[in-house]
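K.L.:
So that we are looking at the same thing, I have put the structure below in structure tokens.
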Amino acid sequence: PSPTFTSTPSATPSLTPSATPTFTSTPSATPSLTPSATPTFTSTPSATPSRTPSPSPSFTPIATVTVSPGTGTPRPILMCVARRSPASYVAIFGYEMEGTAPVHVPVGGENRFNRYREDLGQPTTFEPGTRRPAFAVVFDGLPLTWSLAGRQVTAWANYPIRCSSDAVVRIQPLLECTLPDGGGKTVAWFGYRNDNAFNVAVPVRLQNFFFPAPSQRGQPVVFAPGRHRCVFETRFSRGALVWFLDGRTAVATGSPIQMCRFN
């Protein structure tokens, strides 16, 4: 019976160490999974630096090249103001431009007037050098401001630098001819002549209107230099139609002497 009893402690030591090494397989799985996921995730910062610097250098030179080299900024000039009549004045404007190339500034926020309308015949392409005069505006004497490339000049009735009264030749309105329209009305064609070497704007309603009403019949506000024929047409029913422009008049009556001639 004594040798038979000693077989029991032989089973105890063989079970205890066998379970311990089998359980150590769990920490073996943990380190193999963790480093495997970590290098896979580091591909995200790899994409970030490749995208961020790529657009920055490609965009910057494009914007720089768009701006013409050797150009300056035009500066507006108000040369003088003259009294035109008891209710109207004329302001003569110019500009100075440094640089070696022209600059284009379209009518809008950087090239505009504060009254009547933004476009009063001012240039949109500015050549290097000084242009005096560049254009003129007939106005009512209240402050009239030309804003150009962040600078401003303002004309008003008592502006201290005065022009001679004949510094700007008045615009001549012209009736071209008339024709009956077959419906009881007469069609009148009008043009004009500007003997100045620059644009002249006449936006004041009391200096550029028709009678009888309507006073606005499609006539220009800005008058380019030279003779311009058949610029616009309008209809009237009877009597005379008069275009008052810059202190001068053109009259349409529909009389035979005013009839259009076609060769």
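Computed from the coordinates by the stated procedures, all read-outs in this text should not be read as laboratory data. Since we're looking at a predicted model, the values are computed, not measured. Ideal geometry is used to build each Cβ from the backbone, glycine not excepted, and the neighbour counts take in all protein chains shown.
K.L.:
Where does each of LEU142, LEU241 land when they are ranked from fewest to most other beta-carbon atoms within 10 angstrom? Before the final figure, lay out each step's value.
P.N.:
Values: LEU142 10, LEU241 23.
Final ranking by Cβ density, sparse to dense: LEU142, LEU241.
K.L.:
Follow-up question, since we're still on this one. Compare the peptides 159-165, 100-106, 188-194 by average per-residue count of other Cβ atoms within 10 angstrom and give them in order, highest first. Don't skip to the answer; put the middle values down first.
P.N.:
Values: 159-165: 12.3, 100-106: 13.9, 188-194: 21.1.
Ranking, from highest mean packing down: 188-194, 100-106, 159-165.
K.L.:
Whole-Å semi-axes of region 172-258's equivalent ellipsoid, largest first, each the root of 5 times a Cα gyration tensor eigenvalue? Let's see the in-between values first.
P.N.:
Values: eigenvalues 105, 38, 20 Å².
Listed largest to smallest, the semi-axes of region 172-258 are 23, 14, 10 Å.
K.L.:
Something else about it: Sorting ARG151, ARG229 on the 10 Å Cβ count, fewest up front, what's the list? Show your work: numbers first, answer last.
P.N.:
Numbers: ARG151 14, ARG229 11.
Result, fewest neighbours first: ARG229, ARG151.
K.L.:
What ranking, highest mean first, results for peptides 213-219, 255-261, 243-249, 81-87 when packing means the other Cβ atoms within 10 Å averaged over each residue? Present the calculation step by step, with values, prior to reporting the outcome.
P.N.:
Details: 213-219: 13.0, 255-261: 10.1, 243-249: 18.3, 81-87: 15.6.
Ranking the peptides 213-219, 255-261, 243-249, 81-87 by packing returns 243-249, 81-87, 213-219, 255-261.
K.L.:
Another one. Note down the net charge around GLY247, summing +1 for each Lys or Arg and -1 for each Asp or Glu among other residues with Cβ under 15 Å from its Cβ. Could the numbers behind the result be given before it?
P.N.:
Details: positive: ARG83, ARG84, ARG170, ARG193, ARG205, ARG248; negative: ASP140, ASP166, ASP195, ASP246.
For residues surrounding GLY247, the net value is +2.
K.L.:
Sorted from fewest to most neighbouring beta carbons within 10 Å, what does the list TRP156, TRP146 look like?
P.N.:
On the way: TRP156 16, TRP146 23.
The order, fewest Cβ neighbours first, is TRP156, TRP146.
K.L.:
Here is a further query. Among residues other than TYR89 whose Cβ falls under 11 Å from its Cβ, what is the net charge (Lys/Arg +1, Asp/Glu -1)?
P.N.:
Details: positive: ARG83, ARG84, ARG162; negative: ASP140.
Net of charged neighbours comes to +2.
K.L.:
Take peptides 202-212, 174-184 and line them up by average Cβ neighbours within 10 Å, highest first, as a rough protection proxy. List each step's numbers first, then the result.
P.N.:
Values: 202-212: 18.1, 174-184: 13.7.
Highest to lowest by the protection proxy: 202-212, 174-184.
K.L.:
Once the other residues with Cβ under 14 Å from the Cβ of ARG162 are scored (Lys, Arg +1; Asp, Glu -1), what is the net sum? Present the calculation step by step, with values, prior to reporting the outcome.
P.N.:
Values: positive: ARG83, ARG84; negative: ASP166.
Taking every Cβ under 14 Å from that of ARG162, the sum is +1.
K.L.:
Shape call for region 137-195 from the C-alpha gyration tensor, a ≥ b ≥ c root eigenvalues: rounded (a/c under 1.5), prolate (a/b greater than b/c) or oblate?
P.N.:
On the way: a/c = 3.56, a/b = 2.46, b/c = 1.45.
Taking the square roots of the gyration eigenvalues as a ≥ b ≥ c, region 137-195 is prolate.
K.L.:
Could I ask something else about it? Between the alpha-carbon centers of region 219-239 and region 114-144, tell me the distance in whole angstrom.
P.N.:
22
K.L.:
With θ taken as phi - 60° and the coefficients 6.51, -1.76 and 1.60, list the Karplus ³J(HN,Hα) couplings across region 76-81 in order, rounded to whole Hz; mark glycine and proline as x.
P.N.:
x, 10, 9, 6, 5, 10
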